[in-house]
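Only one structure is covered here, and it is reproduced in the block below.
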Amino acid sequence: MYLWPFLTISALATFAILLLLVRLIGSTQLTQLTYFNWVAGAAMGNVAANMLLATDLRTWAISCYALILFSILSILAAVVALKSRLFRRISNGEPIVLIHKGIMLRQNLRKTKVNLDVLMMLLREKGYFTFSDIEYAILEPTGNLSILPRQASQSVSKIDLVQGPNLSGKGEGPFTEIIVDGEIDNDKLRSTKYDNTWLNEQLKKLGASSPEDVLYLAVNPLGEVIADLHRKEGFAENRSKSKIR
């Protein structure tokens, strides 16, 4: 007799609680940007489904407690991810280069479990029908493929119309992140042609006393640097993009 009124009230309450929790967790949960977001979203959906199907208050309350507890853990994990790059690497993964200068990196293809048919399909979806047109193809942690085409395959930009196209055959290439959130990635620094001496020179140019003062610093194969300093009280805002000489 009281089943249908209970289900109606529990459905409305579940909807309100779920809406509030998703708002608290953040918009990244809706887009499911990373593995962690996907797992958290799937788990919250299953628990919410149990709340909707509950036929008594005790079962509904247990599921509601589990949903709130899992949401709190998701928020705590997001806070830890903001402060720890190691945790971000573990929970989110890192982008992996699949094509470099028109050559497929088979070791990385095996590592990501991406076969040639899937790779060619992803390229065609981006408008490229041969991997030889690609300077870099990077598989993001979200599963999307980011592509930097070779100079001959790139679209004309406003800068090309004003200054003329770059016909040197030397592509810029992607930027390699050297410092993120004040932490130096020594593996990526070693993968470039630069060393700690060069990095210290860049810190001096930025007016930073240590890597902890730098929010983000990256360099591309042409030596162009993009840097952004931490926003601290008494610390002037400094953003730069310059070519290393």
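Each reported figure results from applying straightforward, stated rules to the coordinates on display, with no laboratory input. In this text, all values refer to a predicted model and were calculated from it rather than measured experimentally. Heads up, the Cβs are rebuilt from the backbone with ideal geometry, glycines too, and the neighbour counts pull from every protein chain shown.
Under 5 Å between amide hydrogens, built in the peptide plane, is the criterion, and for residue 224 it picks out 244 among residues at least 5 positions away or on other chains.
Highest-first packing order for the peptide set 41-48, 174-181 is 174-181, 41-48, based on the mean count of other beta carbon atoms within 10 Å. Pairs of Cα atoms nearer than 8 Å and 6+ residues apart set the relative contact order; for the stretch 1-114 it is 24 percent. Counted by Cβ distance under 14 Å from residue 91, the other residues give a net charge of +3, where Lys and Arg count +1 and Asp and Glu count -1.
For the stretch 3-89, a/c is not less than 1.5, where a ≥ b ≥ c are the root eigenvalues of the C-alpha gyration tensor, and a/b tops b/c. That puts it in the prolate class.
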